[in-house]
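Derivation of every value follows stated rules applied to the coordinates shown; laboratory data play no part. Note that the structure is a prediction, hence the values are computed from the model and not measured. Note: ideal-geometry Cβ built from the backbone for every residue, glycine included; neighbour counts use all protein chains shown.
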C-alpha cells in the first residue's frame, strides 16, 4: 500500500541528527538512514575543508584568544573566519580546546593544528620569530601570524576562504538533517468540480435528434 503523499516526512530524531551533522558533515543523514545524502555531504564538505586546511599550511583554523564577554562582537571580529569554520563541530571543538591551552600558557596538543599564533605580549616574551627568504637571508617577524602570512603568501588567505565556505555549507547540512528535504505537497484534484473541463462529453447524435 502506497503511503499518503500528503503525510509529513518522518525523520529519525531530528535534534540528534542535527547534532551529529554538526559534529561531522553527513553523519546526521547517515544516522537517519539517508545514506546517499550523508555520503555526498561528508565527502564534499570534508574534502573542501581539508583542501583549504592543507593549502593554508594547517594554520588557518583557530579561535580568537580574547575574552568572549563582555563584547562578543569584538571576539568575533578578532578572528571572524572562526565562527564560520565552527559550522563543523570537528573543527570547533579542537580549536576551542587549543584556545584554552593557549590562554592557560600551555603548548599545542595537536602538533600546532588549531593552535592560535603567538601575538602581542606572548610573541614579545618568547623567542624570536624568524623565517628564511629565497636568498637565505633571515627575516624577523613581529608575531607568528605575520610569519604565516609571509611564508604561505596568498595561499593562507585562499585556505582560509575554503575552510570558511566548508563551515557555512555544513550549516545547511545541519538544517537539512533537522528539517528534512523541501517537499512540495500538491493536493489531489477535486473530482467533484463541475467546471467546463469536467463536464461529460455530449452525445452529438442525441443533440442532432433533439
Size of segment 33-191 as Cα extents on the principal axes (Å, biggest first): 84, 41, 24
Kirkwood Rh in Å, taken over segment 1-101 so that all alpha-carbon pairs contribute: 15.7
Residues 128, 37 arranged by fewest to most Cβ contacts within 10 Å: 128, 37
Extension gain, residue 172 back to residue 138 (0.36 nm per residue minus Cα-Cα distance, nm): 7.7 nm
Nitroxide proxy distance, nm - points 7 Å out along Cα→Cβ at residue 69 and residue 44: 3.9
Translational diffusion of segment 51-137, µm² s⁻¹ [Kirkwood Rh, Cα pairs; Stokes-Einstein; 37 °C; 0.692 mPa s]: 231
